[in-house]
Amino acid sequence: MKPAPVIILIALLLITVAGTIIFFTGRKKNTHQPSIGPESKTTVKSEWLAPDTSLIPLTTEGDLIRFGRKLIANTSFYFGPAGIINHQANGMNCQNCHLDAGTRIFSNSFAAVASLYPQFRPRSGRIESIEFRVNECLERSLNGKKIDSNSTEMKSMVAYLKWVGKEVQKGSKPRGANTEELPFLNRQADTLKGSLIFQFRCQLCHGPDGQGVLAADKKSYTYPPLWGKHSYNTAAGLYRLTKLAGFIKYSMPFGTKYPTPQLTDEQIWNVAGFINSKQRPVKFFKYDWPALAAKPVDYPFGPYTDSFSERQHKYGPFGPIKKAKESSQKKT
Ligand code: HEC
Ligand code: HEC
């Protein structure tokens with residue numbers, strides 16, 4: 001049976017009226033929100049997008065930038081145990097931890113390097129240049145040796161880092177520039193539960209003993225090691241549980257991206273605890289954390305200004321340490 005044309009007309013009219021009401025009430029709501037002027041642009045933190053590599057200029061400066069990117073993506077080819085420049089680094093690539101050559105937000109991106117360096121950092125207790133910071137990762141994360149600040153290799157990596165962050169306003173840091181800060185657990189990381197997560201979610205690529213998988217050329221890793229003698233050393237950022245957990249959240253298992261983690265925060269803390277409970281190269285820098293009170297809650301080496309054990313500083317719970325820190329800061 002066909003509906004009468006009048007009914008169709010009435011129905012159309014109703015839809016139009018309803019649509020108009022929805023449209024205007026929606027607009028009205030918007031007027032209650034703060035207007036987006038130049039002021040709010042810095043506070044409404046939009047997500048950072050790295051510049052397009054096809055736009056790197058075809059100049060000598062552009063050549064440096066391109067070479068810097070190669071050094072960061074294929075570090076082991078140049079500095080690995082079988083590197084063509086030297087044999088001092090552990091075989092990992094910068095990109096193993098700074099995903100997509102540092103262009104991926106929440107995966108240790110390089111978004112805020114050009115905009116924030118040189119800057120004071122409490123670990124070294126000094127104002128660090130970009131060159132100093134790169135050498136720190138070479139000595140710690142790559143368990144290698146520093147390179148000369150005037151070398152072509154350093155100049156190239158710095159040129160790339162400056163190029164990649166060139167659109168970020170000086171002094172500012174885009175959202176997700178480094179990694180996520182996970183809410184603390186109210187207990188220590190459970191390394192036994194973590195070992196099961198490792199077995200089911202990580203081992204497939206990183207290997208049953210966490211040693212990674214070498215590529216056919218034996219010069220680089222297809223899957224980098226998570227512990228052992230070719231892994232980051234005890235002075236590296238990832239040896240701090242908050243940094244390792246923060247990285248895993250939006251980066252691992254491989255393919256994971258912001259904003260969709262594949263593991264719960266609890267699983268992440270546990271697997272991070274398990275990884276950092278394993279053996280790795282031991283390295284100390286005498287100049288680290290010259291102000292004891294500035295040591296982060298998860299820095300696992302004393303002495304401390306608080307009375308918590310090294311074990312608690314390594315595996316948590318970090319909440320009580322943070323609380324004690326805050327109340328002692330209030331007193332002084
Ligand atoms: C094992 C993992 C790992 C490797 C490999 C690694 N890094 Fe890092 N890097 C980190 C971590 C973790 C941080 C600290 C991020 C933070 O503070 O949240 C960091 C920080 C940095 C920063 C400072 C970023 C900022 O926003 O302050 C630079 C620059 C950097 N790395 C460069 C390099 C370069 C160049 C290489 C290779 C020569 C390299 N890294 C290799 C883990 C790594
Ligand atoms: C599908 C393979 C795959 C799985 C599964 C996987 N990873 Fe990875 N992982 C990689 C690759 C590949 C890299 C290096 C990324 C790059 O170079 O782009 C990496 C890098 C890492 C790194 C930084 C570099 C290093 O070796 O220290 C950590 C830490 C890490 N993975 C932890 C984990 C954890 C924890 C899990 C399990 C929850 C996991 N991964 C599961 C492939 C995988």
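The rows are residues; the columns are (1) buried (at least 18 other Cβ atoms within 10 Å of the Cβ); (2) of a type in the set (D, E, K, R); (3) away from ligand 1 (no atom under 13 Å from the Cβ).
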site	(1), (2), (3)
Cys137	yes, no, no
Thr179	yes, no, no
Gln203	no, no, yes
Thr222	no, no, yes
Lys249	yes, yes, no
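Could you tell me whether any residue of the range 195-210 is within 18 Å of the chain's Cα centre (by Cα), farther than 29 Å from Tyr287 by Cα and not in a helix (DSSP H, G or I)?
No, because not a single residue in the range 195-210 is within 18 Å of the chain's Cα centre (by Cα), farther than 29 Å from Tyr287 by Cα and not in a helix (DSSP H, G or I).
Looking at Ala159, Ala111, can you tell me which residue is in contact (Cβ under 8 Å) with a residue 60 or more places away in the chain and within 15 Å of the chain's Cα centre (by Cα)?
The match here is Ala111.
If Asp190 satisfies every condition in (1) within 16 Å of ligand 1 (Cβ to nearest atom); (2) crowded, with 18+ Cβ neighbours inside 10 Å but one, which is the exception?
Failed condition: (1).
So, Asn74, is that one within 21 Å of His230 (Cα to Cα), within 16 Å of ligand 2 (Cβ to nearest atom), in contact with a His (Cβ under 6 Å, 6 or more places away or on another chain) and in the same structural domain as Val134 (by TED's automatic domain parsing) or not?
no
Is it the case that Lys278 is within 16 Å of ligand 1 (Cβ to nearest atom) and either farther than 26 Å from Arg121 by Cα or in the same structural domain as Pro208 (by TED's automatic domain parsing) (or both)? Show your work before the answer.
Values: within 16 Å of ligand 1 (Cβ to nearest atom): yes; either farther than 26 Å from Arg121 by Cα or in the same structural domain as Pro208 (by TED's automatic domain parsing) (or both): yes.
Spelling it out, Lys278 is indeed within 16 Å of ligand 1 (Cβ to nearest atom) and either farther than 26 Å from Arg121 by Cα or in the same structural domain as Pro208 (by TED's automatic domain parsing) (or both).
Quick one: Met252 ticks every box in (1) under 19 Å from the mean Cα position of the chain (by Cα); (2) more than 26 Å from Leu214 (Cα to Cα); (3) among the hydrophobic types (A, V, I, L, M, F, W, C) except a single one, so which number is it?
Here Met252 meets the rest and fails (2).
Could you list, in sequence order, the residues of the range 67-106 that are within 10 Å of ligand 1 (Cβ to nearest atom) and within 20 Å of Gly246 (Cα to Cα)?
Across the range 67-106, the qualifying residues are Met92, Asn93, Cys94, Gln95, Asn96, Cys97, His98, Ala101, Gly102.
Condition check ((1) among the aliphatic types (A, V, I, L, M); (2) in the same structural domain as Met92 (by TED's automatic domain parsing); (3) within 21 Å of Ser107 (Cβ to Cβ)) across all residues:
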position: Gly171; (1), (2), (3): no, no, no
position: Leu185; (1), (2), (3): yes, no, no
position: Thr191; (1), (2), (3): no, no, no
position: Ser195; (1), (2), (3): no, no, no
position: Phe200; (1), (2), (3): no, no, no
position: Cys205; (1), (2), (3): no, no, yes
position: Asp209; (1), (2), (3): no, no, no
position: Gly212; (1), (2), (3): no, no, yes
position: Asp217; (1), (2), (3): no, no, no
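Is it true that Ser109 is more than 21 Å from Arg66 (Cα to Cα), buried (at least 20 other Cβ atoms within 10 Å of the Cβ) and within 8 Å of ligand 1 (Cβ to nearest atom)?
Judged against the criteria, Ser109 is not a match.
Could you figure out which of (1) among the small types (Gly, Ala, Ser); (2) assigned by TED's automatic domain parsing to the domain that holds Cys205; (3) at negative phi isn't true of Gly255?
(3)
Enumerate the helices (runs of 4 or more DSSP H) found wholly within the range 41-158, keeping only those where 1 or more residues are among the polar types (S, T, N, Q). Reasoning before the result, please.
On the way: elements: 60-73, 75-79, 99-102, 113-116, 130-139.
Once the helices (runs of 4 or more DSSP H) in the range 41-158 are filtered for at least 1 residues that are among the polar types (S, T, N, Q), what remains is 60-73, 75-79, 113-116, 130-139.
The values are calculated or read from the model by the stated rules, or taken from the named source; none is laboratory data. Every value quoted in this text rests on a predicted model; they were computed, and no experiment measured them. All Cβ positions, even for glycine, are placed from backbone atoms using ideal geometry, and neighbour counts span all protein chains on display.
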